[in-house]
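Let me begin by presenting the structure, written as structure tokens, before commenting on it.
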Amino acid sequence: MMTRWTGTLLLALATGALLTGCAPDASEPTPTPSFSSDEDAFAAAEATYRAYVDALNQVRADDAASPAPIDFLSGEALETELETARQLDDLGLTVRGETRIAAVSPVERTGNDTVTIEVCLDSADTMVYDTNGDDVTPPTRETRLRLTVDLTKIGDTLAIVRSDRASEEPC
């Protein structure tokens, strides 16, 4: 049987490995030209993260949806997502429902290639189910998580390379 802590951790990872405003068409990662300003860099980072969350929600509804959420990830974020998926699969758990972006704030731009944003994710509409279809969502889980997300330019697109809990305080 899964402990409450393990369930909470896996839900947080599934929601945050997840790793607001106008979203681009989620059919492919968002191409980004060289940034002419911090404002452009933050807008591209937000658009990329929104497209990732859209893809995540689409895959939860239809496994064959495209693009795959991992198409928006690289480095540590990709490794974390793959490990989380493996752990959920090993435990026979699935996450259903939509994650929403409640807010996005610019944090920092480093050079022309790395952008950091803070994201408030709302997972109130997501639930965790076991192989019997029973809802095993921890009743005490936080439904809003504040994340710090790093995105790095790879070729002509931004990729999410890291997503960490920014604070224990909900957003």
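Ligands, DNA and RNA are left out, and with a 1.4 angstrom probe the accessible area of segment 110-152 is 43 Å² per residue. Suppose the chain between residue 165 and residue 91 were pulled fully straight at 0.36 nm per residue; how much longer would it get relative to their current alpha carbon spacing? Fully extending the segment from residue 165 to residue 91 adds 24.3 nm.
Of the residues 49, 129, ranked by 1.4 Å probe accessible area with the largest first, the sequence reads 129, 49. Residue 61: net charge of surrounding residues, Cβ under 10 Å, Lys/Arg +1, Asp/Glu -1, itself excluded? Once all neighbours under 10 Å are counted, the net charge is -1.
For segment 130-137, backbone phi angles converted through the Karplus equation (6.51, -1.76, 1.60; θ = phi - 60°) give residue-by-residue couplings of 8, 5, 7, x, 7, 6, 10, 4 Hz, Gly and Pro being listed as x. Shown is the FRET efficiency for residue 83 and residue 108, computed with R0 = 41 Å from the Cβ-Cβ distance and rounded to the nearest 0.05: 0.95.
The Cα center of segment 43-65 and the Cα center of segment 99-171 differ in position by 12 Å. Karplus-based coupling profile of segment 157-171, in residue order and whole Hz: 10, 9, 10, 6, 10, 7, 9, 10, 5, 7, 6, 6, 6, x, 9, with θ = phi - 60° in 6.51 cos²θ - 1.76 cosθ + 1.60 and x standing for Gly or Pro.
Normalised by the number of residues in segment 31-171, the average gap of Cα pairs under 8 Å and 6 or more apart makes the relative contact order 25 percent.
The values are calculated or read from the model by the stated rules, or taken from the named source; none is laboratory data. These numbers come from a predicted model, not from an experiment. Backbone-built Cβ (ideal geometry, glycine too); neighbour counts: all protein chains shown. Just the protein is used for accessible areas: all its heavy atoms, side chains included, with ligands, DNA and RNA removed. Shrake-Rupley method; radii C 1.70, N 1.55, O 1.52, S 1.80 Å.
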